[in-house]
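K.L.:
Mind looking over this structure? Questions follow.
Read-outs: derived from the displayed coordinates by stated rules, not from any lab. Computed from a predicted model, the values in this text were never measured in an experiment. Cβ: placed from backbone, ideal geometry, glycine included. Neighbour counts: every protein chain shown.
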Amino acid sequence: MTTEIERVKLDLELPPVVVLEQINWKIITEGNQEEVFAELKKANIDPVLFSLTDEDYELLQRNNVQLRNQIVRLVAQLKAYKEYYEPKSQAKAGDDSKTFTDTEFKPVDFNSTKD
Amino acid sequence: MFSQLKLIIMGIAVLGAMGGLMYVQHLKSENEILTLNNQKLEGAVAQQQAVIEQQLKDIAQIRDINKELLAKNEKLVGDLNVANEKFNKVNASGERRDIGNLAVNKPKSIQIIEGRREKQRARCFEIAQGSPLTEEELNATKKSQINAECPNIANPNYVPY
């Protein structure tokens, strides 16, 4: 006769939330370019800008939303799998979280019980 | 002669009694086996019933999970629509909103708005990863209170108006 032994639960926690760095947008037009570059020089920042057209900016924002949505979907799926295969009620039932009373946890002097 | 006949009859009677006894014993053992088999079958039926019940529970849970994920997905599509609408909004005079044009005319204002929006975008990514919502986010019901980048995940109590 064989007895099924349940696998030890993986019980992984979600990784800690990553806090993104705050970036600053510079809007540069034909009219304000000199002013923007002067500001950069004044702030001792290299006078160079990595730029996007307004249309590419729109695409970047859409890409951001798609990426964010994908993260939400994956986290939701992960949570669903965890709840299905490792429900919290079961995980708690098997752990060794029993608390001991003072008398149960009293140290035993083995020498005194020797014959 | 008569005593021999007596002995034969007695022998037949003893053999008959022994045979009867053996038959009864056989019936008893058969009965025990049948009782044991019956118990095993009853146990198997109970086990099968438990398996079926568990399977039904699993199917119900799977259905709930799928429903939940589908609802979440609909909300996410809503956020993508918000992004699309933001760039393609048509005003009262029928003109499509052009962020490029707005930025050419009011670069400073758009830069300030973008700075604010960037903070909101960063917060959206935190929420997407599982960061719990703040009281402010939960209680936001007005346009001025919401995270305009991802109201569907950041402000569950906000109803667009």
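K.L.:
Treat each spin label as a single point 7 Å out from the Cα along the C-beta direction, and report the residue A:33 to residue A:77 distance in nm.
P.N.:
Result for the modelled spin labels: 4.6 nm.
K.L.:
Using a Förster distance of 30 Å, how high is the FRET efficiency between residue A:11 and residue B:120, based on the Cβ-Cβ distance and rounded to 0.05?
P.N.:
Efficiency for this residue pair is about 0.35.
K.L.:
Summarise the partner chain shielding of A:18-28 as one whole number: the mean count of Cβ atoms from other chains within 10 Å of each residue's Cβ.
P.N.:
That works out to 6 on average.
K.L.:
If you average the C-alpha positions of the range A:15-66 and of the range B:72-134 separately, how far apart do those two centres end up, in angstrom?
P.N.:
Distance between centres, Cα-based: 15 Å.
K.L.:
In what sequence, highest mean first, do B:28-40, B:133-145 appear when ranked by Cβ atoms within 10 angstrom?
P.N.:
Listed from highest to lowest mean packing, they are B:133-145, B:28-40.
K.L.:
As a check on your grasp of the helix formula, calculate [θ] at 222 nm for the protein assembly as shown: sum -39500 (n - 2.57) over DSSP H runs of n ≥ 4, divide by the residue count, round to the nearest 500.
P.N.:
After summing the helix terms and dividing by the residues of the protein assembly as shown, the value is -22000 deg cm²/dmol.
K.L.:
Now a separate question. Subtract the Cα-Cα distance of residue B:35 and residue B:142 from 0.36 nm times their separation in residues, and report this length gain in nm to one decimal.
P.N.:
That pair, residue B:35 and residue B:142, stretches by 31.2 nm at full extension.
K.L.:
Evaluate the distance, in nm, between pseudo-label points positioned 7 Å from the Cα of residue A:3 and of residue B:64 along their respective Cα→Cβ axes.
P.N.:
It works out to 3.2 nm between the two label points.
K.L.:
Residues of B:68-80, mean number of Cβ from any other protein chain within 10 Å of their own Cβ, rounded to a whole number?
P.N.:
The shielding value for this peptide is 3.
K.L.:
Using the crude model of +1 on Lys and Arg Cβ and -1 on Asp and Glu Cβ, and no other charge, please compute the dipole size for the range A:33-94 relative to its Cα centre, in debye to 20.
P.N.:
Computed about the Cα centre, the dipole is about 840 debye.
K.L.:
So, counting K/R as plus one and D/E as minus one, what does the shell of residues with Cβ under 14 Å around residue A:18 add up to?
P.N.:
Net of charged neighbours comes to +1.
K.L.:
Next up: Give me the inter-chain shielding for B:127-134: mean count of other chain Cβ atoms within 10 Å, whole number please.
P.N.:
5
K.L.:
Moving on. Would you tally the net charge around residue B:46, using a Cβ to Cβ cut-off of less than 15 Å, leaving residue B:46 out, and scoring K and R as +1, D and E as -1?
P.N.:
-1
K.L.:
With charges only on Cβ, +1 for K and R and -1 for D and E, what is the dipole size of the range B:44-84 about its Cα centre, in debye, rounded to 20?
P.N.:
Its charge dipole is roughly 20 debye.
K.L.:
Using the Karplus equation 6.51 cos²θ - 1.76 cosθ + 1.60 (θ = phi - 60°), what ³J(HN,Hα) coupling, rounded to whole Hz, does each residue of the range A:41-58 give in order, writing x for Gly and Pro?
P.N.:
Couplings: 4, 4, 7, 6, 10, 3, x, 9, 10, 8, 10, 9, 6, 4, 6, 5, 4, 4 Hz.
K.L.:
Right, something else. Just to be sure I understand the model, the point goes 7 Å from the Cα along the line to the Cβ. What's the resulting residue B:75 to residue B:21 distance in nm?
P.N.:
Here the answer is 8.3 nm between the modelled labels.
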